[in-house]
Amino acid sequence: MNRIAWITVIVLGLLAPFAVYPVLMMELLCFALFACAFNLLLGYSGLLSFGHAAFFGGAAYICGYAVTAWHLGPLQGILIGTAFAGGLGLVFGVLAIRRQGIYFAMITLALAQIIFFLCLKMPFTGGEDGLQGVPRGMLFGFIDLNKPLNMYYTVFAIFMICFWLIWRAVNSPFGQVLSAIRENEARAISLGYSVERIKLLAFVLSATLAGTAGATKSIVFQTASLTDVSWHTSGEVILMTLVGGMGTLLGPVVGAFTIVGLQHELSSIGSWVTVIIGLTFIVCVLVFRRGMVGELTRLWKRSF
Amino acid sequence: MKKLACSLACAAALGLSVTAPVNAAGISNGEVKIGVLSDMSGVYSAIGGKGSVVAAEMAVHDFGGTVLGKPIKIVSADHQNKADVGSAVAREWIDKDHVDMITDILNSAVGIAVQKLASEKHTITMNTGAGSTALTNKDCTKYGIHYLYDTYALPVGTATAIVKGGGTSWYFITADYAFGHSLQNNTETIVKSLGGEIKGAVQAPLGTSDFSSYLIQAQGSGAKVIGLANAGADTINAIKQANEFGIVQKGQQLAGMLVFISDVKSLGLDTAKGLQFTTGYYWDRNDASRKFGNAFYAKFGKMPTMDQAGVYSAVLNYLKAVKAAGTDNADAVRAELGKMKIDFFGSVGHIRADGLNVHDMYLVKVKSPKEFNPNVGHGWDLLKVEATIPGDKAYMSLAQGSCKLVKK
Amino acid sequence: MGLPLDAVLAQAMLGLTQGAFYAVLSLGLAVIFGLLNIINFAHGALYMLGAFLALIGLNQLGGWIGAPDFQINFWAALVLAPLLVGLFGILIERTMLSRLYKFDHLYGLLLTFGVALVLQGFFTNYYNVNGTPYPGTPASLRGIVNLGFMYFPKYRLFALAASLVVCFITWYVIERTKLGAYLRAGTEKPELVQAFGINVPLMITLTYGFGVALAGLAGVLAAPIYSVGPLMGANVIITVFAVVVIGGMGSILGSILTGLALGMVEGITKVVYPPAANTVIFFVMVIILLVRPAGLFGREV
């Protein structure tokens, strides 16, 4: 992304809460970050994880619990949630990283289902009720996050920092090696790269950032619930990434905005939303496999 | 004469201008907005759902369409049985749409989350759909009203009647979440206090589709009564499969702790006959309930469940309170609700400091196909009322409760 | 545990019935995976479709065509519903899936995920999410029989037997007949089989149709036991995935035996520690995949 693009994104982000209901904006940003983190894995490493909800939801629970029970500040809560997701990502990664394709998807799914079970049964999670009444608290001890704009700009700052991190990672030598592995793993091995370790690193990074998104969401909505860890959430993030365009930097953001926006705007028409999202997905897979951003970029490049 | 009229009008105008500042804002934002937050497409949608919206609209209509000269508006949304979705909707309603009261809120998890949030934002909730006693105990709030039933009231009538009728040993099939556990605990207490025996319990995951394994375990326990501490689809599946395995024919009795008339309708009388349970409303109980039931049927094509009837009554009484208080200011309305008599289809209740609406409950029994009269109630002649449980017996007393708002 | 033998046998019997459903469903998935190399995410939704076709045929079809007394009874539905589901599958394969073979196999999974969402959303709009009981159990299959150690519903016994027969026939056709040999060869070396004059694309289409027809059949068989509801497929699909993966992707025998075995494991869990009943399969899956990465009956890649 060049400087103009960055400035546009930042200006839009700063002005957004005056045009859109701030809490909706925060939800969009949380899912956008989740999708970006997921894209780091699917789009740049070619690994399809079907268990990312475990990191997203797991971090939400840990963060929610930390600020509720230990009375930590929101930032500490998010950091602890993020760290937890990173650790969990390491465990998942070590167990799953040697598997390929479908097997990788399935073992991450199975592990995530186990996390789901733990979130249901552990004494501190509130079972089916989830964690409720998580306090938003004071950022740095003096910024009151109960004020919508304060909360929004905090979320926006978190999003931009993580987004910048992903951008750096993708454009670093590490990102280049990842792409090389995705394109031709055998070749990368023969070039002397320790492929498994690089993949594992990507996995842990992706899990960590997914955790940041989940932890932030639990502060914004003041809850952590089983929905966040269910396999449907894992499916939804795949959807967002694909619709927006995997392997593109902005694609997951666009995808998340589209899907969450659709769900929000069309919530009055009941489960037709599911039908519409399903159809969108089918059309994307059949016609726009590069996703919205991917296809647009291609058209753009072609026309010049 | 003219002079007198003028001076009366002037006095009235003067009176108004004097009272207006006292009543904080009168009606804020020029209208009274009531939000019906329910499960519109999920497992509880037959209990509340679109029927709750119809009931709320009927209440507005029956009230006259306006309050204190201002229009009344109903908005509705689907919480999908997710606490996060529910509180997000409630947040947006209160922040952006200036909703003054939220009702229905089926599902205890959503109910607790929304009640907490709404109270932080000084908004009244009148929960008719959720059962958890936490709403008026551990999680009680200043603006949260638990209107219709709770997991304490449900087993009082049912378990007492069954134990006294000879069902002295119990085995529970419990939905494995807070609601099910609290239902089981409260029922156990009653059974034991009457000298009954608990043979055991099994915790079935929420949303189990096949209860056969648990039913066979219950059968093996030799208990006389199988208590179903669950709700909705879980209850329906359990009763249906108990029938399939011939559990009742083999001499064991089923006791549904939370059953709605829509469940009975879906099961059919052949399967459900003889089932006893406690309810807050049955359409064929008295003239007032019949009047609402038939009017609702004319609009919706189904008789109302107790939740839908509860929404109707809650909205009506809320509007009465707004009128009496002369404002939609939450503090004033809440105070008024605490003072006034709550009319519930001909019976009278009152709302306590912990937010609980204390009113009569009814023990009902599902009719057998022989007792069913197809000419009554459009095919909804399903239940008979066996006993009335007075409000003070049905509900936990303030002294037993643990609400921090109650001074002891 | 000190459980009486009768109780253990009873639970095993219940688990076996559940397992038989898993077996039929995962068998369909395995057949499809074997030849098309895609994971059919729509399998659960097509299972639901089968059940709904049976319900609609019994309750509503007569009214729609203006002959209120006309009903498709259970036996007719048992044949017609899988056929219709199969045709629907063929339609999906011809119009959509076939365009994706040249891309990554994951796109097949994603496409069928979309199909599942559409079907599920569609039925949620028109039917009670709680499920509608299917009232058409044939009179000859109502009531219970005494198995010695327990009283068991006749219908469940029938469903168990029917599932086992279907599994056996499918296994026999694929592993022991010439037709099956072509199929297996088509999996390994499609170009070569094509060169022998066999229409491989047609074979793929028919295989997909057959695989999803099995899901439709399981749906009809399940209708009288469970309520027919729009979410019945979504609830079972993840478990069936686990069965296929544990059995070894694409292994016919593996999916049948694993399905039956995991049904029993689940049944036992319902006695020992019920809250884990829905999760135990995933514990098994993680352990199996760590020890045998290609599943119990799968070949190492």
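The values are calculated or read from the model by the stated rules, or taken from the named source; none is laboratory data. Worth saying up front: this structure is predicted, and the values here are computed from it rather than measured. Neighbour counts run over all protein chains shown; Cβ positions are idealised from the backbone, glycine included.
Only one of the listed residues (A:PHE156, A:PHE174) is more than 14 Å from chain B (Cβ to nearest Cβ) and more than 26 Å from A:THR227 (Cα to Cα). That residue is A:PHE174.
The residues in the range B:258-289 that are out of contact with any helix residue (DSSP H, G or I) (no Cβ under 7 Å at 6 or more places or on another chain), farther than 21 Å from B:ALA231 by Cβ and surrounded by 16 or more Cβ atoms within 10 Å (Cβ to Cβ) can be counted, and the count is 2.
Out of the range C:121-145, which residues are more than 21 Å from B:SER266 (Cα to Cα) and not in a strand (DSSP E or B)? C:GLY121, C:PHE122, C:SER140, C:LEU141, listed by residue number. Please specify each residue of the range B:57-76 satisfying the condition of being without any contact (Cβ under 8 Å) to a residue 12 or more places away in the chain and either in a helix (DSSP H, G or I) or not assigned by TED's automatic domain parsing to the domain that holds B:ASP100 (or both). Selection gives B:HIS61 alone. Evaluated against (1) within 26 Å of B:GLY377 (Cα to Cα); (2) in the same structural domain as B:TYR171 (by TED's automatic domain parsing); (3) surrounded by fewer than 24 Cβ atoms within 10 Å (Cβ to Cβ), B:LYS224 falls short on exactly one condition, (1). For the range A:87-123, residues that are within 30 Å of B:TYR177 (Cβ to Cβ), crowded, with 17+ Cβ neighbours inside 10 Å and in contact (Cβ under 8 Å) with a residue 12 or more places away in the chain total 16.
Tell me, please, whether a residue that is at pLDDT 90 or above and surrounded by fewer than 16 Cβ atoms within 10 Å (Cβ to Cβ) can be found in the range A:129-144. Within the range A:129-144 (the criterion being at pLDDT 90 or above and surrounded by fewer than 16 Cβ atoms within 10 Å (Cβ to Cβ)), the answer is no, since none of the residues qualifies.
Test of understanding: among A:THR212, A:THR227, A:THR216, A:THR233, which residue is of a type in the set (S, T, N, Q), modelled with pLDDT under 90 and either out of contact with any strand residue (DSSP E or B) (no Cβ under 7 Å at 6 or more places or on another chain) or surrounded by 19 or more Cβ atoms within 10 Å (Cβ to Cβ) (or both)? Spell out the reasoning first.
Working: A:THR212 fails: modelled with pLDDT under 90; A:THR216 fails: modelled with pLDDT under 90; A:THR233 fails: modelled with pLDDT under 90.
Just a single option satisfies the conditions, and that option is A:THR227.
Counting only helices (runs of 4 or more DSSP H) wholly contained in the range C:200-291, the ones carrying 1 or more residues that are hydroxyl-bearing (Ser, Thr, Tyr) and within 13 Å of chain A (Cβ to nearest Cβ) occupy C:232-247, C:252-272.
Residue check: is A:LYS217 touching a residue at least 12 places away in the same chain (Cβ under 8 Å) and among the basic types (Lys, Arg)? Talk me through it step by step, then tell me what you get.
Details: touching a residue at least 12 places away in the same chain (Cβ under 8 Å): yes; among the basic types (Lys, Arg): yes.
Yes: the conditions hold for A:LYS217.
Scanning the range A:81-110 for residues that are more than 17 Å from C:PHE283 (Cα to Cα), more than 10 Å from every other protein chain (Cβ to nearest Cβ) and out of contact with any Leu (no Cβ under 7 Å at 6 or more places or on another chain) turns up A:GLY81, A:THR82, A:ALA83, A:PHE84, A:ALA85, A:GLY86, A:GLY87, A:GLY89, A:LEU90. Filtered by the rule that a residue be away from chain B (no Cβ under 14 Å) and small (Gly, Ala, Ser), the range A:216-237 gives A:SER234, A:GLY235. Considering the conditions (1) over 21 Å from the mean Cα position of the chain (by Cα); (2) buried (at least 20 other Cβ atoms within 10 Å of the Cβ), C:VAL129 is excluded by exactly one of them, (1).
One residue stands out among those in the range C:116-136 that are over 13 Å from A:GLY278 (Cα atoms) and β-branched (Val, Ile, Thr): the one that is farthest from the other protein chains (Cβ to nearest Cβ), which is C:THR132.
Report whether or not B:ASP39 is within 14 Å of chain A (Cβ to nearest Cβ), touching a residue at least 60 places away in the same chain (Cβ under 8 Å) and within 23 Å of B:ASP95 (Cα to Cα).
In short, yes.
For the range B:59-87, the set of residues classified as over 26 Å from B:LYS299 (Cα atoms), within 14 Å of chain A (Cβ to nearest Cβ) and surrounded by fewer than 23 Cβ atoms within 10 Å (Cβ to Cβ) consists of B:VAL85 only.
Taking the range B:381-405 as the range and being buried (at least 21 other Cβ atoms within 10 Å of the Cβ) and farther than 26 Å from B:LYS116 by Cβ as the test, the residues that pass are B:LEU382, B:LEU383.
Looking at the range B:195-285, what strands (runs of 3 or more DSSP E) fall wholly within it and have at least 3 residues that are at the interface with chain C (Cβ under 9 Å from one of its Cβ atoms)? First the steps, then the outcome.
Details: elements: B:197-204, B:225-229, B:253-256, B:276-279.
The strands (runs of 3 or more DSSP E) meeting that bar are B:197-204.
Check the range B:299-312 and report whether any residue there is modelled with pLDDT under 95, among the aromatic types (Phe, Trp, Tyr) and in contact with a strand residue (DSSP E or B) (Cβ under 9 Å, 6 or more places away or on another chain). Within the range B:299-312, none of the residues are modelled with pLDDT under 95, among the aromatic types (Phe, Trp, Tyr) and in contact with a strand residue (DSSP E or B) (Cβ under 9 Å, 6 or more places away or on another chain).
Listed residues A:LEU266, A:LEU262, A:LEU249, A:LEU286; which is within 12 Å of chain C (Cβ to nearest Cβ) and under 19 Å from A:LEU28 (Cβ atoms)?
Values: A:LEU262 fails: within 12 Å of chain C (Cβ to nearest Cβ); A:LEU249 fails: within 12 Å of chain C (Cβ to nearest Cβ); A:LEU286 fails: under 19 Å from A:LEU28 (Cβ atoms).
That would be A:LEU266, the only listed residue that is within 12 Å of chain C (Cβ to nearest Cβ) and under 19 Å from A:LEU28 (Cβ atoms).
Pick from the range A:255-279 the residues that are hydroxyl-bearing (Ser, Thr, Tyr), within 17 Å of C:ASN125 (Cβ to Cβ) and buried (at least 17 other Cβ atoms within 10 Å of the Cβ): which of them is modelled with the lowest pLDDT? Going through the qualifying residues, I end up with A:SER271. Could you go through the range C:207-216 and let me know if any residue there is of a type in the set (Phe, Trp, Tyr), surrounded by fewer than 21 Cβ atoms within 10 Å (Cβ to Cβ) and over 30 Å from C:ARG142 (Cα atoms). Checked the range C:207-216: no residue is of a type in the set (Phe, Trp, Tyr), surrounded by fewer than 21 Cβ atoms within 10 Å (Cβ to Cβ) and over 30 Å from C:ARG142 (Cα atoms).
For the range B:329-360, the set of residues classified as without any contact (Cβ under 8 Å) to a residue 60 or more places away in the chain and over 19 Å from the mean Cα position of the chain (by Cα) consists of B:ALA335, B:GLU336, B:LYS339, B:MET340, listed by residue number. Taking residues in the range A:60-81 that are closer than 14 Å to A:LYS217 by Cα and touching a residue at least 40 places away in the same chain (Cβ under 8 Å), and partners anywhere that are of a type in the set (Asp, Glu) and in a helix (DSSP H, G or I), the pairs with Cβ atoms closer than 6 Å and at least 6 places apart or on different chains are A:ALA60/A:ASP228.
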